[in-house]
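Below is one structure, written out as structure tokens, with a few remarks after it.
Computed from the coordinates by the stated procedures, all read-outs in this text should not be read as laboratory data. Computed from a predicted structure; not experimentally measured. Cβ sites come from the backbone with ideal geometry, for glycine too, and all protein chains shown count toward neighbours.
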Amino acid sequence: MALVLSSEQTMLRDNARSYLAKNAPLAHLRKLRDSNDPTGFSRELWKQFAEMGWAGVLVPPDYDGLGLGHVEAGVVMEELGHTLTPSPLLATSLVGATAIARAGTDAQKRAHLPRLAAGELTVTLAVDEAAKHHPEKTALRAARGSAGFTLKGEKTFVLDGHVADLVIVAARTAGVPGEQRGLTLFLVNREARGLRAERISMVDIHNAARVEFDNVAVSADTVLGEIDAGWEPLEGALNVGRAGVAAELLGAADEAFTRTVGYLRERKQFGKLIGEFQALQHRAAILYCELELARSAVLKALQSLDESFATA
């Protein structure tokens, strides 16, 4: 598959770029930062994302979504990176939607995906329990009881965990930390008794939280997928999130490069534009090549996700 966007994908990119430049410039991020906004993103902006279909970009049409591919989702993420726009798109529309659409029962999909696509439901995945990302080291326990399961443990760096309406929790129902087998995914409402979330201040645009599960009781119908077999849907959702983050970082890098080149063309030193100095031209050329290599790698990753999900 050629490493270029189709005409439809290019149109989506251009529309997203135009919309975000007008409605979510860097001043938007600075305003959220300086006001210590408790949510960390604009709910009004998120509502508009949903109206444009972005919230349901990966949600199948049968559940009121656009049903587009990962390349399209990556295109939007890249443009969000250009403006450093904080939003629930990554956690909700990429990771959360993928997990529910891929592993959920029809009842679970009908209960959550239409609301997700409409921007009425935010979702997050609670997986990490330490500073480093090791999903297989999940230790949070789900003890089986007569009425379902009881969750006990703590998750950290949960994206949008302080405001998400629905938390997809990776818990251990068998085996020991470090093993892929024995993991089970659960759908937990944020209002569940025993669930407590504390926001974590991050240095980037993403919102995160530490979430504690203190004997949170959940019924058997909250299991997402199969008991003890949560590793595959977990990795599938995480891979979509990883590609989305890569696209977002590509957008941020591209914006930084564009601004740098603009400065080289404007700044004068020793009576001439600094962009005329060969040493700076060489550095700019190298950065451009590295940026294009990254662009190709990200696009290939997104295309590979589309191919693998189509044959799954």
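At a glance:
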read-out	value
Filtered residue count, the stretch 136-153, keeping only those that are closer than 17 Å to Asp221 by Cβ, in contact (Cβ under 8 Å) with a residue 40 or more places away in the chain and outside any strand (DSSP E or B)	1
Conditions (1) more than 23 Å from Ala16 (Cβ to Cβ); (2) in contact (Cβ under 8 Å) with a residue 24 or more places away in the chain; number of the one not met by Val298	(1)
Looking only at the stretch 197-216, and only at residues there that are of a type in the set (Gly, Ala, Ser) and either in contact with a helix residue (DSSP H, G or I) (Cβ under 8 Å, 6 or more places away or on another chain) or surrounded by 15 or more Cβ atoms within 10 Å (Cβ to Cβ) (or both), the one that is farthest from Ala142 (Cα to Cα)	Ala208
Which numbered condition Glu179 fails, given (1) without any contact (Cβ under 8 Å) to a residue 40 or more places away in the chain; (2) more than 20 Å from Leu116 (Cβ to Cβ)	(1)
Matching entry among Glu129, Glu120 (being among the charged types (D, E, K, R) and in contact with a Ser or Thr (Cβ under 9 Å, 6 or more places away or on another chain))	Glu129
Some residue of the stretch 18-33 being surrounded by 15 or more Cβ atoms within 10 Å (Cβ to Cβ), of a type in the set (Ser, Thr, Tyr) and out of contact with any Pro (no Cβ under 6 Å at 6 or more places or on another chain)	yes
Filter result for Glu235 (acidic (Asp, Glu) and in contact (Cβ under 8 Å) with a residue 60 or more places away in the chain)	yes
Enumeration of residues in the stretch 257-282 that are closer than 30 Å to Leu90 by Cα, free of Cβ contacts under 8 Å to residues at least 12 places away in the same chain and touching a helix residue (DSSP H, G or I) at 6+ places or on another chain (Cβ under 9 Å)	Thr258
Checklist (1) in contact with a Ser or Thr (Cβ under 8 Å, 6 or more places away or on another chain); (2) under 23 Å from Ala103 (Cα atoms); (3) surrounded by 13 or more Cβ atoms within 10 Å (Cβ to Cβ); (4) not polar (S, T, N, Q) applied to Ala147, failing item	(3)
Residue tally, condition more than 29 Å from Pro86 (Cβ to Cβ) and assigned to a strand (DSSP E or B), over the stretch 170-213	3
Count - residues of the stretch 109-135 that are surrounded by fewer than 18 Cβ atoms within 10 Å (Cβ to Cβ), in a helix (DSSP H, G or I) and either in contact with a Leu (Cβ under 7 Å, 6 or more places away or on another chain) or basic (Lys, Arg) (or both)	2
Candidates Gly182, Gly271, Gly244 - the one that is exposed (fewer than 13 other Cβ atoms within 10 Å of the Cβ) and small (Gly, Ala, Ser)	Gly271
Selection within the stretch 26-58 - outside any helix (DSSP H, G or I) and more than 19 Å from Asn207 (Cβ to Cβ)	Met52, Gly53, Gly56, Val57, Leu58
Condition check for Asn189: touching a residue at least 60 places away in the same chain (Cβ under 8 Å) and of a type in the set (S, T, N, Q)	no
Test: residue in the stretch 154-168 that is within 16 Å of Ala50 (Cβ to Cβ), free of Cβ contacts under 8 Å to residues at least 60 places away in the same chain and crowded, with 22+ Cβ neighbours inside 10 Å	no
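Let's see how each residue does on (1) in contact with a helix residue (DSSP H, G or I) (Cβ under 9 Å, 6 or more places away or on another chain); (2) closer than 16 Å to Asn215 by Cβ; (3) of a type in the set (Val, Ile, Thr):
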{"position": "Leu121", "(1), (2), (3)": "yes, no, no"}
{"position": "Thr124", "(1), (2), (3)": "yes, no, yes"}
{"position": "Pro135", "(1), (2), (3)": "yes, no, no"}
{"position": "Ala139", "(1), (2), (3)": "no, yes, no"}
{"position": "Gly145", "(1), (2), (3)": "no, yes, no"}
{"position": "Lys155", "(1), (2), (3)": "no, yes, no"}
{"position": "Asp160", "(1), (2), (3)": "yes, no, no"}
{"position": "Asp165", "(1), (2), (3)": "yes, no, no"}
